[in-house]
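**Student:** Let me give you the structure first, and then I'll get to my questions.
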Amino acid sequence: MQVMENKFLLHLVYIDYFRAHKSEKMNLDERMEQSGTYSAFRTSLDMAMGAVYIIIGVVVFTMRYFGTVELPTGTSWALGGLLLLYGAFRIYRGLTAIWRKRSSDRSGRR
């Protein structure tokens with residue numbers, strides 16, 4: 001009986017410890033999202049990955065042979081076009097984040 005009570009108490013202590021650290025982590029995640037560093041990193045990542053997708057899209061358009069695999073013309077055009085569109089979308093998303101940040105900074109200064 002004593003062993004059961006000790007296990008139950010240890011379980012409760014563990015649950016309280018886990019809840020406390022989980023809430024600290026959630027607060028840290030929320031702080032990271034609200035900080036300027038996280039948004040600047042996210043914007044930079046969107047811009048860089050957009051450029052990478054555009055470069056890969058151009059490569060798929062121009063090169064139809066990848067090692068021993070040959071892509072049909074229609075497939076290379078479709079895949080290259082999708083990569084170009086997605087790259088343009090990532091760059092657009094990065095630019096709109098920059099524009100939103102600048103407009104909120106200007107409205108906050110007034």
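**Student:** In the stretch 71-84, which residues are free of Cβ contacts under 8 Å to residues at least 12 places away in the same chain, surrounded by 13 or more Cβ atoms within 10 Å (Cβ to Cβ) and in a helix (DSSP H, G or I)? Break it down stepwise before answering.
**Tutor:** The first filter runs over the stretch 71-84 and keeps only residues free of Cβ contacts under 8 Å to residues at least 12 places away in the same chain, leaving 71-75, 78.
Then keep just the ones that are surrounded by 13 or more Cβ atoms within 10 Å (Cβ to Cβ); that gives 71, 78.
Hit for the stretch 71-84 is 78, nothing else.
**Student:** Is it the case that some residue within the stretch 31-46 is aromatic (Phe, Trp, Tyr), surrounded by 14 or more Cβ atoms within 10 Å (Cβ to Cβ) and modelled with pLDDT of 75 or more? Steps first, answer last, please.
**Tutor:** From the stretch 31-46, those aromatic (Phe, Trp, Tyr) are 38, 41; that's our starting set.
Cutting the leftovers down to surrounded by 14 or more Cβ atoms within 10 Å (Cβ to Cβ) gives us none.
So far as the stretch 31-46 goes, no, none of its residues is aromatic (Phe, Trp, Tyr), surrounded by 14 or more Cβ atoms within 10 Å (Cβ to Cβ) and modelled with pLDDT of 75 or more.
**Student:** Oh, and also: Hey, could you check the stretch 76-110 for residues that are over 18 Å from the mean Cα position of the chain (by Cα) and of a type in the set (Ser, Thr, Tyr) and say which is nearest to residue 63 (Cα to Cα)?
**Tutor:** In this case the residue turns out to be 76.
**Student:** If I filter the stretch 62-108 down to residues being touching a helix residue (DSSP H, G or I) at 6+ places or on another chain (Cβ under 9 Å) and of a type in the set (Phe, Trp, Tyr), which single residue comes out as farthest from residue 39 (Cα to Cα)?
**Tutor:** Within the stretch 62-108, the match that is farthest from residue 39 (Cα to Cα) is 66.
The values are calculated or read from the model by the stated rules, or taken from the named source; none is laboratory data. As the structure is a prediction and not an experimental result, all values here were calculated from the model. So basically every Cβ, Gly included, is an ideal-geometry build from the backbone, and we count neighbours across all protein chains shown.
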